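Enquirer: Okay, handing you the structure first.
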Amino acid sequence: MAEEPRGAWFGFGFCGFGQAPGSGRGRQVRSPEPLHVGVDIRRVSASWSYTAFVTRGGRLELSGSASGAAGSCRDAWASEGLLVVLRAGPGSGALLQAWAPGSALRGEPLWAQDVVPEAEGEGDPGGEAQAGRLPLLPSTRAYVSPRPPFYRPLAPELRVRQLELGAEHALLLDAVGQVFSWGGGRHGQLGHGTLEAELEPRPLEALQGLAMAEVAAGGWHSVCVSETGDIYIWGWNESGQLALPTRSLAEDGETVAREATGLNADGSQVKRMAGAEDGAPAPFIAVQPFPALLDLPLGSDAIKASCGSRHTAVVTRTGDLYTWGWGKYGQLGHEDTSSWDRPRRVEYFVDKQLQVKAITCGPWNTYVYAVEKGKS
């Protein structure tokens, strides 16, 4: 069997706490830079002030405001209030641990729980056990939340493939490609056409009959990628993260004064602002509570997506990376700090003849795994 092609991880965006190894402290990294630990990284999970790296050898290393290391790790999930680590247990089992990020992984965890994976093929017509990444647990019957209760069970009828958490909401992708959402909905991030919260997972009616392959949760917006490569996006558009018209690509998140709010016929929230260039009110979409189809330039098909607090990143079948939304700290990778309300290709990887294979966004930064073209 041919050896899996090895590439390298790159980071860009906010690095005020030294989150990206080798990138320094107190810097905006405006263009992709290779990470110091390079090809050994297998998984990355980024919070606002620190990043967790899991190596191919099972070692966990923290970089940024939190530091520390541990061995025998399968996965890690970083949030500002909680660091969750999945460690190898006896046999095929695993041990779930939750740590305070500032603990340096020393002493006793805040809590720990044994995790027993489901029997292989149980309830799965494909004959394969369902297994996901944190915050979804290997059993697929529960997930981890940064707020109590930390361990949250899922309904037994849900066969979960992927689960992603935003600042106030959750997205779930089931085994047949159906998308569910729940949690806070005040920014339209649930995709049900309202700004109401949902206490339990609710399927997105607007996507019924469309099989999805990926979901991604931003701070207050959501993205999913269909099995045919289409992108659907909804939620808050304050910084253009939905690639929909926005008057102001705000850098500080403050609400612009003198606005009047209404709803379009499709449910999207429109704010008409004073002071447009032609003297007339300028409409723009602030909230899109229904999934909207988004076309990438050149008709490219998407395969992966990830979201930061207010920016979005998508990888195409050809290995190109497109980013848009808030770019104040260089998290879009375009060698500047501009924000964009439309998809823009990151030319760094094109110039270096690299194909992007994996993408994960922190709130204000972005991490990318890429290999040389022709090596995949």
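FYI, it's all coordinate maths here, none of it is from the lab. Worth saying up front: this structure is predicted, and the values here are computed from it rather than measured. Using ideal geometry, Cβ is built from the backbone for each residue, glycine included, and neighbour counts are taken over all protein chains shown.
Enquirer: Sort region 284-360 into rounded, prolate or oblate with this rule: let a ≥ b ≥ c be the square roots of the eigenvalues of the Cα gyration tensor; rounded if a/c is under 1.5, and if a/c is not under 1.5, prolate when a/b is larger than b/c, oblate otherwise.
Expert: Since a/c reaches 1.5 but b/c is at least a/b, the shape of region 284-360 is classed as oblate.
Enquirer: On to the next question. Can you give the local net charge around D301? Use residues other than it whose beta-carbon is closer than 13 angstrom to its beta-carbon, Lys and Arg +1, Asp and Glu -1.
Expert: -3
Enquirer: Please list the non-local residues whose amide H lies under 5 Å from the amide H of V115, H modeled 1.01 Å from N, same-chain partners needing a gap of 5 or more.
Expert: Under 5 Å from the amide H of V115 lie the amide H atoms of A94, L95, L96, each far enough along the sequence or on another chain.
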